Every structure is written in structure tokens, then in C-alpha cells.
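The values are calculated or read from the model by the stated rules, or taken from the named source; none is laboratory data. Please read these numbers as outputs of a predicted model, since none were measured by experiment. Backbone-built Cβ (ideal geometry, glycine too); neighbour counts: all protein chains shown. With ligands, DNA and RNA removed, areas are computed over all heavy atoms of the protein, side chains included. Shrake-Rupley method; radii C 1.70, N 1.55, O 1.52, S 1.80 Å.
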Amino acid sequence: MNHDQGVISRYRDHLPVSDATPIISLNEGSTPLVHAPTLSEKVGRGCQVYVKYEGLNPTGSFKDRGMTMAMSKAAEQGAKAVICASTGNTSAAAAAYAARARMDCVVLLPAGKIAKGKLAQALVYGAKVVEIDGNFDDALRLVREIGALDQFEVVNSINPFRIEGQKTASFEIVDVLGKAPEVHILPVGNAGNITAYWKGYCEYRDRGQCQSRPKMLGFQAEGAAPLVRGAPVEHPETVATAIRIGNPASWDGAMNAIRESEGHLDMVTDDEILEAQRWLASHEGLFVEPASAASIAGLMKSLDPSRRHAENPMASIAPESTIVCTVTGHGLKDSDIILKAAFPMFKAKTDKEDVLHQLGF
Ligand SMILES: *Cc1c(COP(=O)(O)O)cnc(C)c1O
């Protein structure tokens with residue numbers, strides 16, 4: 001039996017690997033493209049919305065797609081240690097794949113700004129965790145400096161192999177739908193993912209695997225929206241810690257994807273993000289982390305009838321369009337954010353009558 005069923009073995013013709021590349025894989029990818037009937041009804045005009053549920057990757061986020069490539073290439077080059085800066089999910093993926101590759105892993109995290117589940121992942125996979133008294137952008141600057149010293153392979157998305165691995169999500173979507181969607185919506189932080197998706201759609205179209213490419217709609221958090229504002233944000237702030245980034249590394253890649261696809265870039269507030277997170281869980285049964293909900297919040301914002309026609313990216317979408325929203329990470333990574341909110345609960349004694357009474361029956 002072939003043990004590797006991850007994105008490299010399934011898409012190796014589209015990836016810069018050779019027989020000399022040891023495949024470091026945890027069978028990432030092949031995540032479900034879940035139809036969202038209630039969301040489709042909300043969009044209306046016969047449009048169908050699908051959710052690419054990347055939380056079902058081995059470490060619970062899409063970062064595994066890029067990490068299998070980055071780590072396999074690092075192993076090919078004989079690296080003994082990897083390093084990355086992270087808002088949480090990159091470090092979880094790097095730590096897991098480094099364990100698999102029998103390499104050391106150092107992760108630089110902004111102190112106090114990492115969801116607990118992600119920190120637990122980096123620790124349990126055996127990474128050396130350094131908390132930085134600064135934000136992600138500071139951590140990435142340090143990684144660039146330390147990476148230049150040659151002891152470490154940098155596995156942030158400034159490593160081009162990360163983008164190569166991540167583009168496989170577009171391939172999977174086309175393979176399942178039998179065509180490219182008309183619209184693709186995703187959250188944008190460091191902007192590697194939107195760059196990777198666009199690359200994937202372009203390559204698949206050029207190879208004749210699909211005839212068209214989607215409009216790319218990217219959404220940033222309002223407190224961390226440098227691409228929307230057109231300038232770096234020095235002190236980015238948002239509850240969506242995975243996209244709390246003020247100076248995206250793939251700035252040009254993102255802007256190119258938006259421009260070439262005739263897409264749209266916009267931002268959503270923290271309230272809109274948290275509302276979309278709860279809505280998706282309670283209406284479609286999909287629990288995603290806050291950053292992931294930015295794509296759903298963005299779609300909902302685009303549907304708001306009070307928005308002027310010209311600035312609404314969905315206004316020009318044809319009836320019966322297929323819309324794909326990437327939800328990037330699993331909700332359980334950041335359960336604190338739910339438990340901190342005052343969801344109602346009931347208390348009862350250990351008898352049937354009291355349980356029913358408390359519930360109002
Ligand atoms: C990394 C990440 C993002 C942002 O992706 P970029 O490639 O940095 O734009 C969004 N959501 C989650 C859950 C992430 O881990």
C-alpha cells in the first residue's frame with residue numbers, strides 16, 4: 001500500500017518535487033467541500049454556496065498543505081532544524097511536520113496573542129516555543145534575520161514551497177465541482193493563501209483542467225486591514241488572531257489576485273466576524289475559528305441590501321453562480337472565545353422533573 005495520500009502524492013505533477021524529495025506528509029488535504037443550503041438560500045438567485053472546510057486537516061488548519069511541501073523540501077536539502085513566526089496555526093503545522101521529519105522546530109509567537117489550542121499543539125508536538133514581546137510582524141522580522149544565519153530553514157510563507165503546497169486547495173475544489181467556481185471568498189492575513197489559491201486556479205486553467213477562474217474576494221479584519229487601507233498597520237488588533245497582521249508578506253500576490261480576477265478586497269469588523277462564526281455553527285453545523293469566519297462575514301456583508309450597488313462585489317454575480325468560501329481553521333482551536341461569551345446554560349438537580357422544569361416544559 002502507498003502510505004502517502006497527502007497533497008504531494010496526489011498532485012505531484014503540479015508541484016516542484018522529484019524522486020529525490022522525501023515526502024513528509026500527514027495525509028493532509030482532501031478536506032470536504034460542504035454544501036451550505038441555508039447560506040445558499042440567503043444568497044438567493046439560485047446561487048449555491050460551498051464551504052471548503054480546512055479545519056479537517058491533520059493539525060486543524062490549511063497550513064498543513066504548505067507545510068508538507070516546505071518540510072519535504074527542507075528534508076531534501078538536508079536541513080536539521082526549521083524556524084517560523086506564527087499567529088498560531090503555522091507553528092502547530094511546523095511543529096507536527098518537523099516531528100514527523102525528525103527535525104528540530106523553533107517557533108516565535110506574539111506573547112499572549114495565541115489561541116490556547118494552537119499553543120498546546122506547538123508544545124505537544126515538541127517545538128521550542130519562544131514568546132516574543134511584540135506582534136507577528138516583529139516575530140517574522142526576527143525569523144528573517146535568524147533564517148539568514150543558515151542553521152535554520154524558514155518555513156513561513158516567505159518560503160515559496162508553502163505557496164506551492166497551499167495551491168492544491170484550488171485543485172481539489174475544481175476536481176470536486178468539475179469546474180472552477182464563479183466566486184471564491186477567503187480571509188486574508190499574511191496573504192499567502194489568497195496568493196496560493198489564485199496560483200492554483202491559474203495553473204489548473206492553463207492545463208485545461210477548468211475553463212474559467214473565479215473572482216477572488218478577500219476579507220481582512222477591520223483592525224488589521226493594511227491591504228484595504230493601502231499601508232501597513234503598526235498595531236494590528238482583532239479577535240481573529242490568525243489574521244492579526246499589519247504588514248503582509250504576500251502583499252503583491254494578494255493585490256495581483258484581486259486585480260487579475262477582477263475581484264474585491266474589503267474588511268469586516270470583529271462583531272461581524274463573531275456573528276458569522278456563530279451563525280455558521282448554529283445554521284450549517286460548521287464550527288470554525290474566528291479568522292475563518294471572516295470569509296462568511298464578508299459574504300454576508302456583500303449581501304447587505306443597504307450597501308450601495310457599485311461597491312458591492314456580489315451585485316454583478318450572475319444567477320446560479322457557484323460560490324466557495326474557504327474556512328481556514330477549526331473552531332476548537334480557540335474554544336475560549338466561545339466560552340467567554342455569555343451563552344445561556346441551564347442548571348438542574350438530579351431529577352427528571354427539575355430538568356424539564358428548568359427547560360420550561
Ligand atoms: C494563516 C491563517 C489565515 C490567514 O492566511 P494568510 O495566508 O496569512 O492570509 C486565516 N485563517 C487561519 C485560520 C489561518 O491559520
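For the range 38-47, the Karplus equation 6.51 cos²θ - 1.76 cosθ + 1.60, evaluated at θ = phi - 60°, returns couplings of 6, 5, 4, 4, 4, 6, x, 6, x, 6 Hz by residue, with Gly and Pro reported as x. Spherically averaged projected area of the convex hull of Cα atoms, the chain: 21.0 nm².
Of all aspartates and glutamates in the structure, those lying under 20 Å Cα to Cα from Lys179, and not within fewer than 8 positions of it along the same chain, are Asp13, Glu54, Glu203, Asp206, Glu260, Glu262, Glu320.
List the residues of the range 285-306 whose backbone N lies under 19 Å from a point placed 7 Å from the Cα of Leu332 along the Cα-to-Cβ direction. Only 285-293 pass the distance filter. When a/c is below 1.5 the answer is rounded, else prolate if a/b is larger than b/c, else oblate, so apply that to the range 105-178 with a ≥ b ≥ c taken from the square roots of the Cα gyration tensor eigenvalues. Note, shape of the range 105-178 comes out prolate.
Of the peptides 14-25, 191-202, the ranking by mean beta-carbon count within 10 Å, highest at the top, reads 191-202, 14-25.
Here the calculated FRET efficiency for Ser306 and Arg45, from their Cβ-Cβ distance with R0 = 22 Å, stands at 0.75, rounded to the nearest 0.05. If both residues of a DSSP beta bridge must be in the range 1-144, then about 25% of such bridges are antiparallel. Summarising the label geometry, the points placed 7 Å from Cα in the beta-carbon direction at Arg102 and Leu149 lie 2.6 nm from one another.
Distance between the pseudo-spin-label points of Glu275 and Ser316 (7 Å out from Cα toward the beta carbon): 2.7 nm. Figure legend: label point modelled 7 angstrom from the Cα of Asp206 along Cα→Cβ; residues of the range 255-290 with amide N under 20 Å from it are 255-263. Kindly identify the range 155-231 as rounded, prolate or oblate by the Cα gyration tensor criterion: order the square roots of the eigenvalues as a ≥ b ≥ c, call it rounded if a/c is under 1.5, otherwise compare a/b with b/c, prolate if a/b is larger, else oblate. Oblate is the answer for the range 155-231, as a/c is 1.5 or above yet b/c matches or exceeds a/b.
Entry comment: accessible area of the chain is 43 Å² per residue, from protein heavy atoms only and a probe of 1.4 Å. Peptides 45-53, 225-233 ranked from most to least packed by the mean count of surrounding Cβ atoms within 10 Å: 45-53, 225-233. Restricting the range 119-148 to trypsin sites (Lys or Arg not before Pro) that sit in a DSSP loop and have at most 13 other Cβ atoms within 10 Å of their own Cβ leaves nothing. For the range 112-237, the carbon plus sulfur part of the accessible surface works out to 51%, probe radius 1.4 Å. Packing around the peptides 62-70, 102-110, taken as the average count of other Cβ atoms within 10 Å per residue, puts them in this order, highest first: 62-70, 102-110. Rounded to the nearest 500, the helix-only mean residue ellipticity at 222 nm of the chain stands at -12000 deg cm²/dmol, with each DSSP H run of n ≥ 4 adding -39,500 (n - 2.57).
Taking 21 Å as the limit for the C-alpha separation, the pairs Lys52/Lys215; Lys118/Lys167; Lys63/Lys113; Lys116/Lys340 exceed it in the case of Lys118/Lys167.
Specify whether the C-alpha gyration tensor of the range 49-130 places it in the rounded, prolate or oblate class, a ≥ b ≥ c being the square roots of the eigenvalues: rounded for a/c under 1.5, otherwise prolate if a/b is larger than b/c and oblate if not. The shape class here is oblate.
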